[in-house]
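Input: a single structure, listed below in structure tokens.
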Amino acid sequence: MKRKGAIDQILIMMVIFVFLVTLFFLIVDYSSVAKVQNQFDTVSRQGSRLISLGKESQKVADMINSLKTNYFKNVTADDIVCENSANDLSKVFFKIEGKFHSRFKELGNNGDIVVTSTSVAFNENSTDEINCSVALIKKGTM
């Protein structure tokens, strides 16, 4: 009889251990996504500010490369797509988007979590509205 109680306790301890380890990795994944979101917010604010001052796309690409994590490929000036609209709104919209892959398939679309950030700045260079977007791609993919 004492053996059955000991085996039940060991099984309960194993279930609790597996639950805690799973919870730990889930928290690590969410903190990684929060870190990427924070970096994207910083990049979008800086990007909208640089574009509003009339800086070149290469300068913006260098700024993105210095702020992003090593999870994503380096950005070139050609990766930054900007469209001008002459509507006298004097705004610069800067949107950055990237996919972050989680260990948990239940999160996002098969484990892929799309992280985006958009920022708006006053266009100090002209009265045009400028919409810029950048898509960051995970290293090791095409």
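The values are calculated or read from the model by the stated rules, or taken from the named source; none is laboratory data. Source: prediction; values computed, not measured. A quick note on method: Cβ atoms are made from the backbone with ideal geometry, for glycine too, and the neighbour counts reach across all protein chains shown.
Table: residues versus (1) over 11 Å from the mean Cα position of the chain (by Cα); (2) part of a loop (DSSP other than H, G, I, E, B); (3) of a type in the set (D, E, K, R).
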{"site": "L89", "(1), (2), (3)": "yes, yes, no"}
{"site": "K99", "(1), (2), (3)": "no, no, yes"}
{"site": "F104", "(1), (2), (3)": "yes, yes, no"}
{"site": "I113", "(1), (2), (3)": "no, no, no"}
{"site": "N131", "(1), (2), (3)": "yes, no, no"}
{"site": "A135", "(1), (2), (3)": "no, no, no"}
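In region 37-55, is there at least one residue being more than 15 Å from S133 (Cα to Cα), in contact (Cβ under 8 Å) with a residue 12 or more places away in the chain and assigned to a helix (DSSP H, G or I)?
Scanning region 37-55, I find at least one residue that is more than 15 Å from S133 (Cα to Cα), in contact (Cβ under 8 Å) with a residue 12 or more places away in the chain and assigned to a helix (DSSP H, G or I), so the answer is yes.
With the condition kept exactly as written, say whether any residue in region 67-77 is among the basic types (K, R), closer than 15 Å to L136 by Cβ and either modelled with pLDDT of 95 or more or not in a helix (DSSP H, G or I) (or both).
The answer is yes; a qualifying residue exists.
What is the number of the single condition among (1) among the acidic types (D, E); (2) on the phi > 0 side of the Ramachandran plot; (3) surrounded by 13 or more Cβ atoms within 10 Å (Cβ to Cβ) that E97 does not meet?
(2)
For region 68-89, does any single residue satisfy the condition of being surrounded by fewer than 19 Cβ atoms within 10 Å (Cβ to Cβ), within 25 Å of Y30 (Cα to Cα) and aromatic (F, W, Y)?
Within region 68-89 (the criterion being surrounded by fewer than 19 Cβ atoms within 10 Å (Cβ to Cβ), within 25 Å of Y30 (Cα to Cα) and aromatic (F, W, Y)), the answer is yes, since at least one residue qualifies.
Can you confirm whether region 78-99 contains a residue that is modelled with pLDDT under 90 and under 16 Å from Q39 (Cα atoms)?
Yes: one or more hits.
What single numbered condition from (1) on the phi < 0 side of the Ramachandran plot; (2) in contact (Cβ under 8 Å) with a residue 24 or more places away in the chain; (3) not hydrophobic (A, V, I, L, M, F, W, C) fails to hold for T76?
T76 satisfies all of (1) on the phi < 0 side of the Ramachandran plot; (2) in contact (Cβ under 8 Å) with a residue 24 or more places away in the chain; (3) not hydrophobic (A, V, I, L, M, F, W, C) except (2).
Across region 1-54, which residue is nearest to the chain's Cα centre (by Cα) among those that are of a type in the set (K, R) and exposed (fewer than 15 other Cβ atoms within 10 Å of the Cβ)?
Filtering region 1-54 for residues that are of a type in the set (K, R) and exposed (fewer than 15 other Cβ atoms within 10 Å of the Cβ), the one nearest to the chain's Cα centre (by Cα) comes out as K35.
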